[in-house]
Amino acid sequence: MISRNLTEIVVAMRRVATILGAAAVLAYAVPARAHAYLDHASPAVGSAVAVSPPAVTLWFTGKIEPAFSHVTVADAQGRRVDLDDARVPPNDQTELQIGLKPLAAGTYTVHWSVVSVDTHPTEGTFTFQVGVK
């Protein structure tokens with residue numbers, strides 16, 4: 001009887017240890033997801049819009065460091081068409097915005113580079129088109 005109870009206690013303790021071990025692994029893995037990858041943008045990646053947007057807004061999967069996060073927008077000839085006023089709004093550290101000059105019909109390239117609050121850099125490029133029907 002005592003041996004049986006002792007066996008049940010050992011089995012229960014092993015289950016608790018397994019659960020705690022799994023929880024520790026998951027807790028340790030959470031910071032790795034703090035990297036800031038592009039989630040979505042406006043205008044959307046690869047999209048065509050009828051009229052010139054006033055700005056490009058990017059949303060990331062994690063918070064970004066404003067001092068180390070940048071975005072530019074260029075026309076097909078590589079000339080910058082943004083207002084060089086990139087900013088991270090104080091109320092949403094996952095968002096990066098930049099104003100645009102009035103854009104003619106054509107293809108525009110957005111290049112972004114950000115550093116997440118966990119100090120990991122990511123960058124990317126995408127295009128969108130204006131005035132395409």
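Taken together, the values in this text are just the output of simple stated rules run on the coordinates, not laboratory data. If you're wondering where the values come from, they're calculated on a predicted model, not measured in any experiment. Virtual Cβ from ideal backbone geometry, glycine too; neighbours counted across all protein chains shown.
Taking segment 91-111 and a reference point 7 angstrom along Cα→Cβ of Phe68, the backbone N atoms nearer than 16 Å belong to 94. For segment 35-130, the Kirkwood radius over C-alpha pairs fed into Stokes-Einstein at 10 °C and 1.306 mPa s yields D = 120 µm² per second. Note on segment 35-130: dipole from Cβ charges, positive end direction compared against Ser69, Ala105, Phe128; the farthest Cα belongs to Ala105.
A simple rule links phi to the HN-Hα coupling: the Karplus curve 6.51 cos²θ - 1.76 cosθ + 1.60 with θ = phi - 60°, which for segment 45-60 gives 4, x, 7, 10, 10, 6, 10, 4, x, x, 7, 10, 10, 10, 10, 10 Hz, with x for Gly and Pro. Coupling constants for segment 92-98 follow from the phi torsions by the Karplus curve (6.51 cos²θ - 1.76 cosθ + 1.60, θ = phi - 60°), and in residue order they are 8, 6, 9, 10, 10, 10, 8 Hz; glycine and proline get x.
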